[in-house]
Amino acid sequence: MNVLLLGSGGREHALAWKLSASPLLTKLYASPGNPGIGRVAELVKLDVADHSAVAAFCQEKKIELVVVGPEGPLVAGIADDLRAWGIRVFGPSKASARLEGSKGFTKDLCAKFNIPTAAYGRFGDLASAKAYVEKTGAPIVIKADGLAAGKGVTIAMTLDEANAALEACFDGAFGAAGAEVVVEEYLTGEEASFFCLCDGATALPFGTAQDHKRVGDGDTGPNTGGMGAYSPAPVMTPEMTERTMREIIEPTMRGMAELGAPFAGILFAGLMITDQGPKLIEYNTRFGDPECQVLMMRLKDDLLVLLNAAVDGQLTHMSIRWSNETALTVVMAARGYPGTPEKGSVIRGLDKAEGESVQVFHAGTAINGGALVANGGRVLNVTATGKTVGEAQAKAYAAVDRIDWPQGFCRRDIGWQAVAREKAGA
Ligand code: AMP
Ligand code: GLY
């Protein structure tokens, strides 16, 4: 089977790595890809916004499955347009990608189908949003409705911060994505990322992870796309998983079908595990980055078989096998991230870092004059497996230390909560 993978991050490298191990695969193409992906796929330059050009490429190369990594093309409707050309696509339709593309849409779905989430209001103008904030009080959370590259959320601890965030949103800080805002209750608890593989009717749990969003050790400093992750998430016990499926995922699947937008693809629920149980923080309609990297390290089954089953509506009778080990990934970022990262510094020693249970996934890398260089904010994902979180963490950092890249940095405490729990014997 010929497959085209769209995207260029560490998430896509992990998908490419796993797809390339499938006996079903004839040839993997990736666009735009990155030098790591280039080890297992032929890289092609396609304008992903030009859906007809992507379709024409698929016809020419006899592509039998397109796997869409990031949310942008999904929200723009690439899956619908390719399907209209008769091309099979793993990824949700534009209508069902609204679960990620519009926070207000998802909140209304939760309200309609009784899905536990933070109390909220939706506003299209500053005055009514401010009035709601005034009435509700702080702490409170302000969110731009649309896609804002992970920057559209403000946790406001005071009314002044909340008002400033609302003003920024309606002043166009996030462009069209901020023309509407969701204002919601501040939830407390432990966060977890919960994934399901979906075929429109059936949702199969597809692993759990915990992400570290802040740039600095001890969860300090500005938010990022994610500085590291580990899987499984200890907080997602079998009981919590069962509740999440019953109270959140299954009503979402039924609700989306009822709205005429059955969900097929990866449903990524950002959860807050509160005193009352799991609550939905947000949905993404794609794999998490860097969560995907740790999931792929633990997946024992053939990813291509699973993605095909999701596309063909055949998930009912499938089960998925995972390694019992923990996988942990450390993101190495270029100096300056999450602000403006320095580009062009040379990275050496990756061959010394990789080994039997260690993979280095590329994110923002490029080749310049034959050398591997940094070409983005998050650059490498150093990923290891181990019998415990502590062992996976030790292996990942030993690998990080074998990489020669003075201009890069990483957090030194990925997995700290789980390692502390292991040490305490909990
Ligand atoms: P998002 O971009 O929607 O993933 O939000 C970014 C982060 O903001 C989440 O990972 C949470 O840590 C935090 N967050 C979002 N919504 C809430 C909420 N209602 N209460 C507390 N924290 C939240
Ligand atoms: N790591 C969080 C995300 O992919 O949205």
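Rounded to the nearest Å, what's the spacing between the alpha carbon centres of segment 237-273 and segment 323-342? Just the number, please.
Their Cα centres are 28 Å away from one another.
So which lysines pass the test for K107, namely a Cα distance under 28 Å, with those fewer than 8 places away in the same chain ruled out?
K94, K130, K135, K143, K151, K213, K279
Can you give the FRET efficiency to the nearest 0.05 for Q276 and H317, using r as the Cβ-Cβ distance and R₀ = 25 Å? Show your work: numbers first, answer last.
Values: r = 34 Å, r/R0 = 1.35.
Calculated transfer efficiency: 0.15.
Distance between Cα centroids, segment 291-322 to segment 2-60: provide it in whole Å.
Each part's Cα centre sits 18 Å from the other's.
At 1.4 Å probe size, what's the solvent-accessible area of H212? Round to the nearest 10 Å².
10 Å²
Could you pull the accessible area for E242 with a 1.4 Å probe, rounded to 10 Å²?
Result for E242: roughly 90 Å² accessible.
Quick check: with the 1.4 Å probe, what order do E100, E161 take by accessible area, largest first?
On the way: E100 15, E161 85 Å².
Heavy-atom accessible area, descending, gives E161, E100.
Explain nothing, just compute: Karplus ³J(HN,Hα) = 6.51 cos²θ - 1.76 cosθ + 1.60, θ = phi - 60°, for every residue of segment 156-163 in order, whole Hz, x for Gly and Pro.
9, 7, 10, 5, 4, 4, 5, 5
State whether segment 1-133 is rounded, prolate or oblate according to the following rule on the C-alpha gyration tensor (a ≥ b ≥ c being the square roots of its eigenvalues): a/c under 1.5 gives rounded; otherwise a/b larger than b/c gives prolate, and the remaining case gives oblate. The partial results should precede the final answer.
Working: a/c = 2.54, a/b = 2.27, b/c = 1.12.
Because a/c hits 1.5 or more and a/b exceeds b/c, segment 1-133 counts as prolate.
Take the alpha-carbon centre of segment 152-220, take the same for segment 100-138, and report the distance between them in whole Å.
Here the two parts' Cα centres lie 13 Å apart.
Taking 0.36 nm per intervening residue step and subtracting the Cα-Cα distance, what contour gain separates N324 from R39 on full extension?
Working: separation 285, 0.36 × 285 = 102.60 nm, distance 2.80 nm.
Extending this stretch completely gives an extra 99.8 nm.
Could you tell me the accessible area of V68 in Å² (1.4 Å probe, neighbours in place), rounded to the nearest ten?
We get 10 Å² for V68.
Taking all protein chains together and a probe of 1.4 Å, list E250, E190 from the most accessible to the least accessible.
On the way: E250 75, E190 40 Å².
The most accessible residue leads, giving E250, E190.
For N368, list long-range residues whose amide hydrogen, built 1.01 Å from N in the peptide plane, is under 5 Å from its own amide hydrogen.
When sequence neighbours closer than 5 places are left aside, the close amide H contacts are V373.
For the chain, what relative contact order do you get, as a whole percent, if you take Cα pairs closer than 8 Å and at least 6 residues apart? The partial results should precede the final answer.
On the way: 996 pairs, mean separation 66.8, N = 426.
Dividing the mean separation by the residue count of the chain yields 16 percent.
Give me the extension gain from E242 to R348: residue separation times 0.36 nm, minus the current Cα-Cα distance, reported in nm with one decimal.
On the way: separation 106, 0.36 × 106 = 38.16 nm, distance 4.49 nm.
Result: 33.7 nm gained on full extension.
Put Y186, Y337 in order of accessible area, largest first, 1.4 Å probe: what do you get?
Working: Y186 85, Y337 40 Å².
Result of the area sort, largest leading: Y186, Y337.
How far apart, in nm, are two points set 7 Å out from the Cα along the Cα-to-Cβ line at D301 and at A138?
Going from the D301 label point to the A138 one covers 4.7 nm.
E64 to R421: FRET efficiency via 1/(1 + (r/R0)^6), r the Cβ-Cβ distance, R0 56 Å, to the nearest 0.05?
On the way: r = 44 Å, r/R0 = 0.79.
Efficiency, from the Cβ-Cβ distance: 0.80.
Have a look at the DSSP beta bridges in the chain and tell me what percent are antiparallel, nearest 5. Walk me through the numbers before you get to the answer.
Details: 66 of 81 bridges.
Among the beta bridges of the chain, antiparallel pairing accounts for roughly 80 percent.
Under the rule a/c < 1.5 gives rounded, and otherwise a/b versus b/c splits prolate from oblate, where does segment 140-253 land using the Cα gyration tensor?
Working: a/c = 2.12, a/b = 1.55, b/c = 1.37.
Note, shape of segment 140-253 comes out prolate.
The values are calculated or read from the model by the stated rules, or taken from the named source; none is laboratory data. Model, not experiment: these values are computed from the prediction. Note that each Cβ is placed from the backbone with ideal geometry, even for glycine, and that neighbours are counted across all protein chains shown. Side chains included, ligands, DNA and RNA excluded: accessible areas come from the protein's heavy atoms. Shrake-Rupley method; radii C 1.70, N 1.55, O 1.52, S 1.80 Å.
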